[in-house]
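So the structure is just underneath, and the comments pick up after that.
The values are calculated or read from the model by the stated rules, or taken from the named source; none is laboratory data. Only a predicted model underlies this, so the values are computations on that prediction, with no experimental measurement involved. Cβ atoms come from the backbone with ideal geometry, glycine included; neighbour counts cover every protein chain shown.
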Amino acid sequence: MKVKIFLNGEKIEMEINPLKRLIDVLREDLNIKSVKEGCGEGECGSCMVIINEKVYNSCLIPVGSVNNKKILTIEGIENKKILKEIKRRLKDEFQCGFCENGMLISLYALFKKKRKPNKEEIKEAISGNLCRCTGYQNIVNKLKIWKNS
Amino acid sequence: MEEFIIPKSLNEALRIMSEMDVEPFAGGTDIMVKYRYDKPAKPFLFIGDLKELRYVKDDGEYIRIGSSTTYSELLENRNIDKIFKEIIKKIASPSIRNRGTIGGNICNASPAADTLPFLYGMDCEVQIVSINNSRFIPIKDFIISPKRTLILKNELLKEIRYKKEKFNKYFYRKIGLRNANSLSKLSFFGCARIKKNIIEDIRISMGAVSPVVAREREIEKMLLGLDKKGLNSIKEEIIKRYEDIIHPIDDQRSTAEYRREIVLRILNYFLENIYII
């Protein structure tokens, strides 16, 4: 099937098996390595991407269903002010880092939608990102005192 | 043969279903896990993006929800009751709620499906359509047993509707291992309309303690018209009646004993606190 996506602002057209998971298309066909496969069942959030402004687990999405949609990964938002600020605040927080990209995607989508989320909203935003070493508390604490610049 | 068919309209989807054997695919949050290692036997029919299936309407009498409406869309819609939103917020995580649909939750017919206790409590009906037919069925008749519904091969679930009824007491508990991304060990939904301490109406439904949601109008009727004292005098009997209708099982998430014990304790709590909830 012919699938057209707008990946990090770039229009990409490809002839591809529509059932191939978006995570596999990104990693294998498009060299996007920031999306990681943890559980492959939508539980861990390390494959998180933004599609048309909302977050999704790319392991649960057949690429045929995102035809004509806008997809963002870390690679496409690296230079965005919001992401830079999130990363600055979370500097040295992540330990092993496996969940980091997924967490950053979830947080970026949240802050993009709402500049001053409260503690509960931050917690909810990363509730689908499984972290087993850094913990959530530091991330929430470092971000809740966000000063609007 | 196409493995992933994307119809442009509901009519086209129904026409395809009348001509060939396909598996409807809305959000796919369950399907993608199911077919992670196995090749699907039938082509998927992608109905997740059909606008005709993504809506929430209030027509004065009913709240009507299109089957491919996602949990996130329900949370954002002002026509959806506060209690239903509280229930939905406890389902999975934001990214799954952006994708998972209410129709999928119903058609998968899992005993642990989190929207079902509420929908049973609201006497919800589902609209089943095919290319030349449409019918409304009460949800309690639609779901036959775990993973089995009345839907035929050429039919789609189009709409979920429930009457706008006013209750002044709402109560919901979900028991799972953690707040996000946990499947229910069991769940409990109760609501009531109480005026001057008299129970005018009451609904009680329990999830994941039976093959299908446990709700029994006959038991609820025993509570109608009762005041505090009356309720207290038959409380034990009511609990006993519910104990008789539930059939919890042991599985990877919990044990039959735990489920029975906890759901009856929650029932007890609900009945004891119904006036102050």
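Out of B:Ile239, B:Ile204, which single residue is in a strand (DSSP E or B), away from chain A (no Cβ under 14 Å) and hydrophobic (A, V, I, L, M, F, W, C)?
B:Ile204
Taking the residues in the stretch B:2-50 that are among the hydroxyl-bearing types (Ser, Thr, Tyr) and in a loop (DSSP other than H, G, I, E, B) as candidates, determine which candidate is nearest to the other protein chains (Cβ to nearest Cβ).
B:Thr29
From the list A:Leu19, A:Leu72, A:Leu104, pick out the single residue that is within 14 Å of chain B (Cβ to nearest Cβ) and in contact with an Asp or Glu (Cβ under 8 Å, 6 or more places away or on another chain).
Every option except A:Leu19 fails the conditions.
Looking at A:Leu130 and the list (1) in contact (Cβ under 8 Å) with a residue 12 or more places away in the chain; (2) more than 13 Å from chain B (Cβ to nearest Cβ), which single condition is not satisfied?
(2)
Pull up the stretch A:38-91, narrow it to residues that are in a loop (DSSP other than H, G, I, E, B) and in contact with a Ser or Thr (Cβ under 7 Å, 6 or more places away or on another chain), then point me to the one that is surrounded by the fewest Cβ atoms within 10 Å (Cβ to Cβ).
Applying the first criterion (in a loop (DSSP other than H, G, I, E, B)) to the stretch A:38-91 yields A:38-47, A:52-53, A:61, A:67-69, A:73, A:78-80, A:90-91.
Next, only the ones that are in contact with a Ser or Thr (Cβ under 7 Å, 6 or more places away or on another chain) stay: A:38, A:42, A:45, A:47, A:73.
Working: A:Gly38: 17, A:Gly42: 26, A:Gly45: 30, A:Cys47: 30, A:Thr73: 22.
Once the filter is applied, the top-ranked residue is A:Gly38.
Name the single residue that is nearest to B:Cys191 (Cα to Cα) among those in the stretch B:125-164 being polar (S, T, N, Q) and touching a strand residue (DSSP E or B) at 6+ places or on another chain (Cβ under 9 Å).
As a first pass, look at the stretch B:125-164 and keep what is polar (S, T, N, Q): B:127, B:130, B:132-134, B:145, B:149, B:154.
Adding the requirement that they be touching a strand residue (DSSP E or B) at 6+ places or on another chain (Cβ under 9 Å) leaves B:127, B:130, B:134, B:149, B:154.
Working: B:Gln127: 24, B:Ser130: 34, B:Ser134: 31, B:Thr149: 26, B:Asn154: 36 Å.
My answer is B:Gln127.
So B:Tyr242 ticks every box in (1) farther than 15 Å from B:Ile87 by Cβ; (2) surrounded by 15 or more Cβ atoms within 10 Å (Cβ to Cβ); (3) free of Cβ contacts under 8 Å to residues at least 12 places away in the same chain but one. Which box is left unticked?
With respect to (1) farther than 15 Å from B:Ile87 by Cβ; (2) surrounded by 15 or more Cβ atoms within 10 Å (Cβ to Cβ); (3) free of Cβ contacts under 8 Å to residues at least 12 places away in the same chain, B:Tyr242 is out only on (3).
Of everything in the stretch B:68-111, what is of a type in the set (Gly, Ala, Ser) and either within 14 Å of chain A (Cβ to nearest Cβ) or touching a strand residue (DSSP E or B) at 6+ places or on another chain (Cβ under 6 Å) (or both)? Give them in sequence order.
Passing the criteria: B:Ser68, B:Ser72, B:Ala92, B:Ser93, B:Ser95, B:Gly100, B:Gly103, B:Gly104, B:Ala109.
How about the stretch A:107-119: which of its residues are more than 9 Å from every other protein chain (Cβ to nearest Cβ) and either in contact with a Cys (Cβ under 8 Å, 6 or more places away or on another chain) or under 19 Å from A:Lys54 (Cβ atoms) (or both)?
If we filter the stretch A:107-119 for residues that are more than 9 Å from every other protein chain (Cβ to nearest Cβ), which is where we start, we get A:107-108, A:111-119.
Once the filter is applied, which keeps residues that are more than 9 Å from every other protein chain (Cβ to nearest Cβ) and either in contact with a Cys (Cβ under 8 Å, 6 or more places away or on another chain) or under 19 Å from A:Lys54 (Cβ atoms) (or both), the stretch A:107-119 yields A:Leu107, A:Tyr108, A:Phe111, A:Lys112, A:Lys113, A:Lys114, A:Arg115, A:Pro117.
Condition first: hydroxyl-bearing (Ser, Thr, Tyr), at negative phi, buried (at least 16 other Cβ atoms within 10 Å of the Cβ) and in contact with a helix residue (DSSP H, G or I) (Cβ under 7 Å, 6 or more places away or on another chain). Can you find one or more residues in the stretch B:256-277 that meet it?
no
Can you spot a residue in the stretch B:93-103 that is under 24 Å from B:Pro248 (Cα atoms) and either without any contact (Cβ under 8 Å) to a residue 40 or more places away in the chain or assigned by TED's automatic domain parsing to the domain that holds B:Phe189 (or both)?
Checked against the condition, which is being under 24 Å from B:Pro248 (Cα atoms) and either without any contact (Cβ under 8 Å) to a residue 40 or more places away in the chain or assigned by TED's automatic domain parsing to the domain that holds B:Phe189 (or both), the stretch B:93-103 yields no hits at all.
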